[in-house]
Structure formats: structure tokens, C-alpha cells
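A short worksheet on the structure shown next.
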Amino acid sequence: MNNPSEKTQIDPDFLKTLSVLYVEDDEEIRELLSRFLHRRVGTLHTATNGQEGAQAFLEHHPDVVVTDIKMPVMDGLEMAAVIKSSSHEVPIIVITAYSERDYFIRAIEIGVDQYVTKPVNTDTLLQAIYKSARHRLHQLEMEKAEKLVVDALEQTIGVLSRAIELRDPYTDGHQKRVALLATAIAEEMGMPADTVTGIRLGSLVHDVGKIRVPSEILSCPRKLTGNEMNFIRTHPDAGYEIVDGASFPWPVARMVFEHHERMDGSGYPKGLKGDEICMEARIIAVADVVEAMNSFRPYRPALGIEAAMAEIRRGRGTIYDPDVVDGCLRALEKADFKFWDRD
């Protein structure tokens, strides 16, 4: 929580684009500051206590909230907590006295953005509103730019994913279904949204190295020979070489390279163990096994989801990461998750 002591050059035209909610129970102070703000911001909404303020916030969706702390019915910090719980990105500025130290600590815990001390200096208040709104605008612009980057990466990854699946009709949709399950596992494990996005994108290209495997091996209707299996096992290396040249904000190349590694070192291509394998690859590994066992292959019929669940239970803690297995089982047991019915 910041005190806007450093002055910034204010753009009055920007202020005129803002909608501000001002909450104050003292009628004289409210009228005085309302007149000041009304001439400078685009739209001003007022309320006399926290309860009215929370309702006004829901009705008007202001860009910035300014509130006193000590008020009847619901105080300013209680209102701030309600607002932050539903819309944490909206800047909230509290007006506080130096003697209100306990309130100050609560304000920090709630996530209040700035504070202005009493008696209120109108220029300081305007600085706080301006800086808070500018900071939020910058955040929105950054989020928009990040989304454009992710969208571009998704399009690139989609092209790579379709390229391998066109060569291997028996695994059509495999990477997409693995991505659906891997995403659900990561969410069940409580991973950050950005990490979940990376896992989803990595899953969509985890088998891209199969583009270097002859199609007659990929679609062979019989059990593969030892030499043919050795050829198949080159696809993580090949995929790594393809993906490693791209600049991703996630360890996509490692996901591709390590998704056939196993916790006990029995996997390939390097025989990595435990924490040597990145968590993203451990998640994709489990999703890959479950999807493969539940799907038709040219050399066998689909084994079914129950068989797949039994397999990962057997390998929990030895072959597969136990937390990943638990997350996968929770995801699969949810009635609304049926990735095997999706394309």
C-alpha cells in the first residue's frame, strides 16, 4: 500500500475518462470532496457507508474506489474486503488518520492500493486516484499483450500438433485430449494459472517428434519389433530439437523431452529419476498414459478408463509422481470430465 507522496504530472483528460466511487459518512466532508472530484473526474458516485458503497460498486463498476475507514453499518475496510473478493484488480484508496494504526495494518492485509492521510490534501488525493488508475491501465495493457503472445504461441503449437496427427490418423486428437487431462490435473494440484497454460501448450506438442518417425511404423497394425520400438523412442529427442529453437515462457522443450521419463528411472530417453524430471513432464506423462490406454490403437482395442486408472494407481510413487496420480484420479472421478468423448 503506497502513500502518493511523489508527485506525478497529471493528465486531466485521462482523469475525465474515470469513474470514481467516493464513500464517506461525514456529510460536510463528503460534500466538500465531492465538489472537488466532480469537476475533475468523468463520473462520480457517492455513498454514506460501506454497505451502500459495496452496493454502488456492484451497480456502477467504478475504475477507482476512495473510502473513509470509520463509518457506521459497514466500515471502509469491510467494504474494501468485499470489493477485493469479487474484483481484486480495482484500485482502492483509503483515507486514514495517523492514529488508526490497526486499521492501517488491516488495509495492507486486505490489499488496499494506496492511502491518503487526514486532513485530506485535495492534490494528494487526486495524485492517488491518478496513479492508481494509471497503474491499473498499465496492468490491463500488459495482460492484453501477454494474451496476444499466448494466442500466437497457441496458433504455432496448433500447427505443429496438426502436422503430426495428419501423419498418424490412429492418434488423431491424442495430443488435444492429453492437454485436456493434463490441464485438469494441474488445476486439481492447485498450480498457478500461468503454469497451467504452459502445461496445456506443452501437452499439445508432446509427440511432435513423431513427425520424424516413418508413418508405416506409426500406423503398424501389429506389435512393433525391437528396432521399430527403438525408432519410436527417438521421438522425445526429435521433438526437443524441433521445439527447443522456439522461445516460450514455459519449459516446453523439457516437457517434450521428458514426458516418457519415469520416477524410478525406467523411462526414456535419459532414464531420469524423481526431481530430475520437471513437474510439467510428470503431469503430461500420466495424462499421456491414461489417454493412450483409453484409446484405440492399430495393434489393440481401447483398454478403457478403468484399466488406465488401475495402471496409474499401481505405478503411484514408483513409476508416476504420487501427487500427479492423485490429481488425475480426482479429475477423472468428476462427473463433468469425459475427455475421451471429446475431439
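Pro298 meets all of the listed conditions (1) at pLDDT below 90; (2) surrounded by 22 or more Cβ atoms within 10 Å (Cβ to Cβ); (3) closer than 29 Å to Thr225 by Cα; (4) not aliphatic (A, V, I, L, M) but one, namely (2). How many of the residues in the range 144-168 are of a type outside the set (A, V, I, L, M), surrounded by 12 or more Cβ atoms within 10 Å (Cβ to Cβ) and part of a helix (DSSP H, G or I)? So the count comes out to 8.
Here the helices (runs of 4 or more DSSP H) wholly within the range 254-343 that include at least 3 residues being in contact (Cβ under 8 Å) with a residue 60 or more places away in the chain and under 25 Å from Asp168 (Cβ atoms) are 279-294.
Residues in the range 184-191 include at least one that is part of a loop (DSSP other than H, G, I, E, B), on the phi > 0 side of the Ramachandran plot and not aromatic (Phe, Trp, Tyr). Here Val90 does not qualify as of a type in the set (A, V, I, L, M), in contact with a Phe, Trp or Tyr (Cβ under 6 Å, 6 or more places away or on another chain) and at pLDDT below 95.
Restricting attention to the range 192-240, the residues that are assigned to a helix (DSSP H, G or I) and free of Cβ contacts under 8 Å to residues at least 60 places away in the same chain total 28. Residues that are buried (at least 20 other Cβ atoms within 10 Å of the Cβ) and touching a strand residue (DSSP E or B) at 6+ places or on another chain (Cβ under 9 Å) within the range 273-288 comprise Arg282, Ala285, Val286, listed in sequence order.
In the range 103-161, the residue that is nearest to Gly173 (Cα to Cα) out of those that are among the small types (Gly, Ala, Ser) and within 21 Å of the chain's Cα centre (by Cα) is Gly158.
Taking the range 1-85 and the strands (runs of 3 or more DSSP E) fully enclosed by it, the elements with 2 or more residues that are under 33 Å from the mean Cα position of the chain (by Cα), aliphatic (A, V, I, L, M) and buried (at least 19 other Cβ atoms within 10 Å of the Cβ) are at 19-23, 64-68.
The values are calculated or read from the model by the stated rules, or taken from the named source; none is laboratory data. For clarity, every value in this text was computed on a predicted model and none was experimentally measured. Reconstructed Cβ throughout: ideal geometry from the backbone, glycine too, with neighbour counts over all protein chains shown.
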